[in-house]
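Data block below; observations after.
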Amino acid sequence: MNVLETLITEFARLPGVGRKTAQRLVYHLLQQPRERMETLAAAIAGVAERVHPCAECGQPTEDAVCDICRDPRRDAGLVCVVEEPSAVAVVERSGAFRGRYVVLGGRLSPLDGIGPDALRIDLLGRRLAGGDVREVILATNSSLEGEATATYLQQVLAGHPGVRVSRLARGLPVGGELEYVDGVTLTHALTAREELR
Amino acid sequence: MAGTPLLTPAIVLGSLRYAESSRIVRLATREYGVQSAIAKGALRPRSRFGAALQLLSEGHAHLLPSRSSDLHTLVAFDLVATHSGLARNLERFGAASALAEVATRFVPPVANLALYDQLRHDVELIELAPPDAIRVVALRAMWRLIIELGLGPTVSRCVRDAVSLPAGAVALSLREGGFLCAACAGLGATTRLGPQDRADLVALLGSHLELPLLTDRQAAAHRRLLVRWIWEHLGDTSMPALESWSAARS
């Protein structure tokens, strides 16, 4: 396989990129100045060489420990467990969470061959062993697999009676209209309704 | 099925992300067997699919058949049940995932109303079974699926020469597809089942019979036997959910 074919094949392996899109991207790159291609290649090589999971939370970082885990202003007693690093960025964007994270690196999915051993549950164990944690927020996705992962973590955390375990609330999207909300979401919203004081 | 829009009861057997915001779903449908369909925009927060396309969700699929491929378009999915109770117990979740995997791999894209109704019913049973019955309910569900696929073992007589079998221990031939009489049993590789194991297997296979009481060890042995049966008759060795369920301790 020549380099052009190899590059197309590699692009086509990326999520959401089919072979046609991969070809378009490669031909677009061919029209760019050589320096731009070299910058892209160097960036990819740099990520491969220097980026690795944070030793404490598992999200990608260039240092041994990521900025969030190093930040002394973050609340070490509050831990948010997410499936993927992309979820950290989403929670951070909300600005509503000032604790620390554990990135599992996936969720229980027997159909994909992912069992508890494939997840970074050891990171959660290490956080708990520190003795500072008072609450763990299970922020796995609201899918069947995400819920099963939360069930598993709940069982793991049952061995830590001093730690409060919570789950992200589910319900109506802010700004959403009731008539467009599906029945399952509405059921959750009704079950977890709040009293107005 | 190409051309006309279709409405059929369906169960989501699995899905994978496609492009930025879509999903490709595998559906067990009542009228068209297992089909693949693209649910465009399913990952968007305000998607019309909402929470409907979760694993083992049950509903009515509106399918727009493709004229050129076997990937259809899922226009809508009217949710009937999500079976979220499966996620609150890992044994239920593992068993239901294994059932979905076997159905995905081996149910053909043709109508089999009895198979669909059985599958739907069994997912519900696995979700609602008392905790100590999950293992046997799941074993029966798997055997029922295999029987509906036309690959169930012959246990009422010798599979080779059709003679009736005396009570007691019996030889099971995976290759030949059932119990063998004493005269036939010496002629090939068999698995010997003691009287209780034989009775338990017969009970698991017969949906009108009372479910057997199995210890953890017995249940594990029955799961291993079932997996060997699937490998022998359906010929696919890469089934992570089935293997994970088979290796489970309970």
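The values are calculated or read from the model by the stated rules, or taken from the named source; none is laboratory data. Computed from a prediction, not measured in an experiment: that's the story for all the values here. As a convention, Cβ positions derive from the backbone with ideal geometry for all residues, glycine included, and neighbour counts pool all protein chains shown. Each accessible area value is taken on the protein alone, full model and side chains, heavy atoms only, with ligands, DNA and RNA left out. Shrake-Rupley method; radii C 1.70, N 1.55, O 1.52, S 1.80 Å.
For the stretch B:6-82, with the dipole built from +1 on Lys and Arg beta-carbon atoms and -1 on Asp and Glu ones, taken about the Cα centre, which of B:H60, B:H72, B:S21 lies farthest toward the positive end?
Value computed over the given set: B:S21.
In the protein assembly as shown, with Lys and Arg counted as +1 and Asp and Glu as -1 at Cβ, which of these residues, A:V82, A:V51, B:L113, has the Cα nearest the positive end of the dipole, that is, farthest along it?
Of A:V82, A:V51, B:L113, it is A:V51.
Hey, rough spin-label estimate for A:Q32 and B:A221, points 7 angstrom out along Cα→Cβ, what's it come to in nanometres?
The modelled label-to-label distance comes out at 6.4 nm.
Looking at the P(r) of chain B, how many percent of alpha-carbon pairs lie beyond 30 Å?
On the way: 9923 of 31125 pairs.
In whole percent, the long-distance tail amounts to 32.
Roll a 1.4 Å probe over the protein heavy atoms and report the accessible area of A:T151 in Å², nearest 10.
Solvent-accessible area, nearest 10 Å²: 20 Å².
Given the rule -39500 (n - 2.57) for each run of at least 4 DSSP H residues, summed and divided by the residues of chain B, what is its mean residue ellipticity at 222 nm, to the nearest 500 deg cm²/dmol? The partial results should precede the final answer.
Numbers: 7 runs with 90 residues, N = 250.
Calculated from helices alone, the mean residue ellipticity at 222 nm is -11500 deg cm²/dmol.
Let a ≥ b ≥ c be the square roots of the eigenvalues of the Cα gyration tensor of the stretch B:22-158; is it rounded (a/c under 1.5), or, if not, prolate (a/b larger than b/c) or oblate? If you can, show how the numbers build up before the last one.
Values: a/c = 2.69, a/b = 1.37, b/c = 1.97.
Oblate shape, in that a/c is at least 1.5 and b/c is the bigger or equal ratio.
Compute the helix-to-body angle for B:113-128: its Cα long axis versus the longest principal axis of chain B, expressed 0 to 90° and rounded to tens.
Tilt relative to chain B: about 90 degrees.
Give me the accessible area buried between chains A and B, both sides summed, with a 1.4 Å probe, in Å² rounded to the nearest 100. Display every interim value, and only then the final one.
Values: alone 13160 and 12270 Å², together 23820 Å².
For A against B, buried area totals roughly 1600 Å².
Highest first, please rank the peptides B:84-94, B:141-151 by the mean number of other Cβ atoms sitting within 10 Å of their residues. Walk me through the numbers on the way to the answer.
On the way: B:84-94: 21.7, B:141-151: 19.3.
Highest mean packing first, the order is B:84-94, B:141-151.
Shape call for the protein assembly as shown from the C-alpha gyration tensor, a ≥ b ≥ c root eigenvalues: rounded (a/c under 1.5), prolate (a/b greater than b/c) or oblate?
Verdict is prolate for the protein assembly as shown.
Is the shape of the stretch B:6-82 rounded, prolate or oblate, going by the alpha carbon gyration tensor and its root eigenvalues a ≥ b ≥ c, with a/c under 1.5 for rounded and a/b larger than b/c for prolate?
Details: a/c = 1.60, a/b = 1.10, b/c = 1.45.
It comes out oblate by the Cα gyration axes.
At a Förster radius of 51 Å, what calculated FRET efficiency corresponds to the Cβ-Cβ distance of A:L40 and B:D70, to the nearest 0.05?
FRET efficiency, A:L40 to B:D70: 0.90.
Mind giving me the FRET efficiency for A:E62 and B:A169? R0 is 51 Å, r the Cβ-Cβ distance, nearest 0.05 is fine. Before the final figure, lay out the partial values.
Details: r = 65 Å, r/R0 = 1.28.
Rounded to the nearest 0.05, the efficiency is 0.20.
Could you sort the peptides A:12-24, B:193-205 by per-residue average Cβ neighbour count (10 Å cutoff), highest mean leading? Can you show the working numbers first?
Working: A:12-24: 12.8, B:193-205: 17.6.
The most tightly packed comes first, giving B:193-205, A:12-24.
Give me the inter-chain shielding for A:179-192: mean count of other chain Cβ atoms within 10 Å, whole number please. Walk me through the numbers on the way to the answer.
Values: counts 0, 3, 3, 9, 7, 9, 2, 2, 3, 2, 0, 0, 0, 0.
Rounded to a whole number, the mean comes out at 3.
Can you give the FRET efficiency to the nearest 0.05 for B:D132 and A:D75, using r as the Cβ-Cβ distance and R₀ = 51 Å?
Values: r = 42 Å, r/R0 = 0.82.
FRET efficiency, B:D132 to A:D75: 0.75.
Roughly how many debye, to the nearest 20, is the charge dipole of the protein assembly as shown about its Cα centre, given +1 on each Lys and Arg Cβ, -1 on each Asp and Glu Cβ, and no other charges?
Values: 49 positive and 48 negative charges, 37 e Å.
For the protein assembly as shown, the charge dipole is close to 180 debye.
Would you mind giving the mean number of other chain beta-carbons within 10 Å of the Cβ of each residue in B:47-53, as a whole number?
Numbers: counts 1, 2, 1, 7, 11, 3, 1.
Mean shielding by partner chains, rounded to a whole number: 4.
Determine, for each peptide in B:75-83, A:93-101, the mean count of other beta carbons within 10 angstrom over its residues, then list the peptides with the highest first.
Details: B:75-83: 19.0, A:93-101: 13.7.
Sorting B:75-83, A:93-101 by mean packing, highest first, produces B:75-83, A:93-101.
Using unit Cβ charges (K, R positive; D, E negative) and no other charged atoms, how large, in debye to the nearest 20, is the dipole of chain A about its Cα centre? Please report the intermediate quantities before stating the final value.
Numbers: 23 positive and 26 negative charges, 40 e Å.
The calculation lands at about 200 debye.
Taking the Cα centre of chain B as origin, sum charge times position over the Cβ atoms of Lys and Arg (+1) and Asp and Glu (-1), and report the length of that vector in debye to the nearest 20. Could the numbers behind the result be given before it?
Details: 26 positive and 22 negative charges, 99 e Å.
About 480 debye.
Taking the stretch A:122-197, which GluC sites (Glu not before Pro) meet the DSSP loop condition and have no more than 12 other C-beta atoms within 10 Å? Please list the in-between numbers first.
Details: sites: A:E135, A:E145, A:E147, A:E177, A:E179, A:E194, A:E195; in loops: A:E177, A:E194, A:E195.
Here the sparse-neighbourhood loop sites are A:E177, A:E194, A:E195.
Place a label point 7 angstrom from the Cα of A:A118 along the Cα-to-Cβ direction, then list the residues of the stretch B:46-73 whose backbone nitrogen is under 18 Å away.
B:55-56
Just tell me how shielded A:11-21 is by partners: mean number of partner chain Cβ atoms within 10 Å of each residue's Cβ, no decimals. Intermediate values should be presented prior to the final figure.
Details: counts 0, 0, 0, 0, 5, 6, 1, 2, 0, 0, 1.
The mean count of partner-chain Cβ atoms within 10 Å per residue comes to 1.
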